[in-house]
1. What helices in the chain pass both tests, a Cα length along the helix axis of 15 Å or more and a mean Kyte hydropathy of -0.5 or higher, using whole DSSP H runs?
2. Going toward the positive end of the dipole of the chain, with +1 on Lys and Arg Cβ and -1 on Asp and Glu Cβ, which of 130, 101, 117 do you reach last?
3. Could you work out the relative contact order of the chain, using alpha carbon pairs under 8 angstrom and six or more residues apart, expressed as a whole percent?
4. For region 2-119, what is the charge dipole size about the Cα centre, in debye to the nearest 20, if Lys and Arg each add +1 at the Cβ and Asp and Glu each add -1 at the Cβ?
5. Of 89, 64, 79, whose Cα points farthest to the positive end of the dipole of the chain (charges on the beta-carbon: +1 Lys, Arg; -1 Asp, Glu; origin at the Cα centre)?
6. Set the Förster radius R0 to 30 Å, insert the Cβ-Cβ distance between residue 111 and residue 66 as r into 1/(1 + (r/R0)^6), and round the FRET efficiency to 0.05.
7. Given +1 on the Cβ of Lys and Arg, -1 on the Cβ of Asp and Glu, and no further charges, what dipole in debye does region 12-77 carry about its Cα centre, rounded to the nearest 20?
8. What does the extension gain come out to for residue 140 and residue 33, with contour length at 0.36 nm per residue minus their alpha carbon separation?
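Values in this text are rule-based calculations from the coordinates and carry no lab data. Source: prediction; values computed, not measured. Because the Cβ atoms are built from the backbone with ideal geometry, glycine has one as well, and the counts that use them run over all protein chains shown.
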Amino acid sequence: MLLELAAANAAFAVIKETIANGGDIMSAGQHIFKFFDSKSEISKKASGSGSESEAFFALEQIKQHEIQIKEIFIYQGRPGLWDEWLSFQVEARKTREAVACAIVLKKRKRIRAIKDVLTGITVFLLGVTGIGAVALLVWIVVTKGGQ
């Protein structure tokens, strides 16, 4: 979690510096994405983390930075940019979740297909073995029965 927090802090520092040097929000776009990606990773790790206090303070620091980024969007960007950014984030998250779900489904289908093939091979081998056993018994009965 510390690595993600460091990445978020570094991205935030670049965003602030870009705006302070007269750049616009578009100039800091790549770092805005890094900041919010790091925020997402911190949130994921915080839910499964053993250190609640570390997670709490990391998320609190991220919230403070996010408030400042929101102000930058509102005052440095065009009207409605923050709302559009939030909508974009929601759609991007939905897309990522859909892709992840599709990957999981594809893996499950592949595993199911492998299991089906192995089951088919097993049934075939058991069938051949059963037929072989019956043929062996018939052969024994025919050869021993004639004596």
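1. Length and hydropathy pass: 2-20, 52-76, 81-145.
2. Going by the charge dipole, the pick is 130.
3. Relative contact order of the chain: 18 percent.
4. Values: 18 positive and 15 negative charges, 207 e Å.
I would put it at about 1000 debye.
5. 89
6. Numbers: r = 40 Å, r/R0 = 1.33.
The pair residue 111/residue 66 has a calculated efficiency of 0.15.
7. In total the dipole reaches around 100 debye.
8. Values: separation 107, 0.36 × 107 = 38.52 nm, distance 7.74 nm.
Here the answer is 30.8 nm.
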